[in-house]
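The values are calculated or read from the model by the stated rules, or taken from the named source; none is laboratory data. Quick caveat, the model's predicted, so the values are computed rather than measured. Reconstructed Cβ throughout: ideal geometry from the backbone, glycine too, with neighbour counts over all protein chains shown. What goes into the accessible areas is simple: the full protein's heavy atoms, side chains included, and nothing from ligands, DNA or RNA. Shrake-Rupley method; radii C 1.70, N 1.55, O 1.52, S 1.80 Å.
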Amino acid sequence: TKIINIRNNEVLEEIGVAAFYNCQNLATIGPDGTASGIFKLPKIQDVSNYAFYGNYYGATTVELPIVTRIGKHAFRNPFSGANKLTTITGGENLTSIGDSAFYGCNVLKTIGDTEGLVYIPKVANAGYRTFLNCKAIEAVKMNQAGSYYCGIYNGAFYGCTSLQKVTTKNVRYIGQLAFYNCNQLVGVDNNDNPTQV
C-alpha cells in the first residue's frame, strides 16, 4: 500500500489480473522524469480485471494510447470521495469496458483526447455499474459506427449527476437504474443534438 513510483522505461507490455490491487498511493508509472500522478502505459492493449482497483490517492491521468480492452473493476474506487483519476487518454481503439471498470471514480471526466468527453466510439455496451457514481462525467459518445446494437446495462451511469448527454446508435436495451439520479441528463440519441428522454 505504500508503493509510490514504478519506473519502467516504457517497455511494460502486460499488467496481470489485480497486479496493483489496493496500491492506494501508487502515483507514477513510467520512465524517469514522469510527473507524479501519471501512469504512462504506451504499450498496454489490455488492462486486466482489478488491475488498479483501490488506487484512490495516486493517479490523476492514465495514458493508454493503444488500449483495446479495460477489464472488470480495473480502476474501481471502493472508497467514496478519495479517487483522483480525472483522465484516461486514448480510448479510440477501445472495444470493451468491463463491468464496474470505473465504479466510484467520482472525478473522472475524460476518456480520449477531448476534455470533458468520454469518447469510446467502438464500445457498443456500457456494462453493469461501469460508470457508477462517476459524478464528473458530462458527455459520452459511444458505438459511433452503429454496427452493433447498443446495450446500457443495469446501473451503468447510476449517480452520474453531471451527465448531460449520451450520443450512440442502435440502442436495443436500457437496464434497471441505468441513469438513476442523472438529473442533468437531457437525452440519449443518435446524434450530437439529443432530444428529450
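Per residue, the solvent-accessible area of region 52-94 (1.4 Å probe, heavy atoms of protein chains only, all protein chains present) comes to 34 Å². For region 1-53, a crude dipole built from +1 on the beta carbon of Lys and Arg and -1 on the beta carbon of Asp and Glu, taken about the Cα centre, is about 200 debye to the nearest 20. Here the label points at Ala145 and Thr1, each 7 Å from Cα along the C-beta direction, are separated by 4.4 nm in the simple model. The phi-based Karplus calculation (6.51 cos²θ - 1.76 cosθ + 1.60; θ = phi - 60°) puts the 3J(HN,Hα) values of region 140-151 at 10, 10, 9, 6, 6, 5, x, 6, 10, 6, 9, x Hz, whole numbers, x for Gly and Pro. Taking the protein heavy atoms of region 1-88 in the context of the full set of protein chains, the accessible area attributed to carbon and sulfur is 48 percent at 1.4 Å. Length gained on full extension, Asn154 to Ser96: 19.2 nm, using 0.36 nm per residue less the C-alpha separation. Working from label points 7 Å from Cα in the Cα-to-Cβ sense, the Ser36 to Tyr21 distance is 2.8 nm.
Among the chymotrypsin sites (Phe, Trp or Tyr not before Pro) found in region 59-115, those both in a DSSP coil and sparsely packed, with 16 or fewer other Cβ atoms within 10 Å of their Cβ, are Phe79.
Partners of Lys2 within straight-line reach, counting lysines whose Cα lies under 27 Å from its Cα and excluding those fewer than 8 residues away in the same chain: Lys40, Lys43, Lys72, Lys84, Lys109. Here volume of the Cα convex hull per residue in Å³ was computed from the coordinates, and among (1) 95; (2) 149; (3) 125 the match is (1).
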